[in-house]
Amino acid sequence: MSHTADAQVAPGRPLLARPTAASAVGMLMATTPCSVRDAEQILAAAADLADVNVLDLAAAITAGLGTGAVPVRLERALRQAVRAARAPARARTPQTGIQPNRERAEEVLSRLRGCQARLLATPADPGALRAMDDAAYTLCVLMGRPTAHGAVLAAEELLAAAA
């Protein structure tokens with residue numbers, strides 16, 4: 001049963017039209033790290049796993065920010081959805097060809113980390129969401145990876161090899 005249809009409130013970015021959902025998306029983006037699209041997919045997958053409405057899950061995540069307590073069933077569903085989102089679609093093949101510039105990789109990774117910190121402080125801030133999404137996309141393109149998590153790992157690996 002899909003609970004995402006209940007969250008359709010605005011064309012384009014339905015979840016971001018709701019402040020509680022925007023906060024949950026921002027918190028996922030900051031902690032995972034991931035793009036807006038990936039955070040929305042993680043939220044929808046976790047809602048399906050927990051058999052709750054996406055907006056109810058978002059409300060529980062946002063409420064848990066202040067208390068640190070998200071119901072165990074919902075937390076378990078979120079962790080499972082994040083693991084699934086991070087799992088490679090196919091076996092990882094070594095990157096061949098042109099390697100990214102180390103200084104540029106360090107610059108973009110630092111920018112992404114700054115965006116993560118900004119989102120942790122203000123998860124529903126539209127500017128912070130856009131900045132994180134832009135940084136995640138840039139790092140994905142630079143590192144030749146389909147997900148922000150994979151791009152972060154590749155950038156960290158590149159920078160560690162330089163040390």
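The values are calculated or read from the model by the stated rules, or taken from the named source; none is laboratory data. Keep in mind that what you see is a predicted model, and the values were worked out from it rather than measured. Neighbour counts are summed over all protein chains in view; Cβ atoms, including those assigned to glycine, are modelled from backbone coordinates with ideal geometry. Ligands, DNA and RNA are excluded from the accessible area calculation, which covers all protein heavy atoms including side chains. Shrake-Rupley method; radii C 1.70, N 1.55, O 1.52, S 1.80 Å.
I'm trying to understand the selection: among the residues of region 84-123, which are surrounded by 13 or more Cβ atoms within 10 Å (Cβ to Cβ), modelled with pLDDT of 85 or more and outside any helix (DSSP H, G or I)?
If the condition is that a residue be surrounded by 13 or more Cβ atoms within 10 Å (Cβ to Cβ), modelled with pLDDT of 85 or more and outside any helix (DSSP H, G or I), then PRO100, THR122, PRO123 are the ones that fit.
Can you tell me which residues in region 99-116 are more than 13 Å from the chain's Cα centre (by Cα) and not acidic (Asp, Glu)?
GLN99, PRO100, ASN101, ARG102, ARG104, ALA105, VAL108, LEU109, SER110, ARG111, GLY114 - these are the residues of region 99-116 that are more than 13 Å from the chain's Cα centre (by Cα) and not acidic (Asp, Glu).
Mind checking whether some residue in region 60-83 is open to solvent by 20 Å² or more (accessible area, probe 1.4 Å), closer than 25 Å to ALA136 by Cα and among the small types (Gly, Ala, Ser)?
no
If ALA161 meets every condition in (1) open to solvent by 40 Å² or more (accessible area, probe 1.4 Å); (2) within 16 Å of the chain's Cα centre (by Cα); (3) among the aliphatic types (A, V, I, L, M) apart from one, which number is that one?
Condition not satisfied by ALA161: (2).
Name the residues in region 124-163 that are farther than 18 Å from ARG86 by Cβ and outside any helix (DSSP H, G or I), would you?
Answer for region 124-163, where residues must be farther than 18 Å from ARG86 by Cβ and outside any helix (DSSP H, G or I): ALA124, ASP125, ALA163.
Any chance you could count how many residues in region 28-71 are in a helix (DSSP H, G or I), over 25 Å from GLY114 (Cα atoms) and of a type in the set (Val, Ile, Thr)?
1
Would it be correct to say that LEU57 is at pLDDT below 90, of a type in the set (A, V, I, L, M, F, W, C) and buried (at least 18 other Cβ atoms within 10 Å of the Cβ)? Steps first, answer last, please.
Numbers: at pLDDT below 90: no; of a type in the set (A, V, I, L, M, F, W, C): yes; buried (at least 18 other Cβ atoms within 10 Å of the Cβ): yes.
So LEU57 fails the test.
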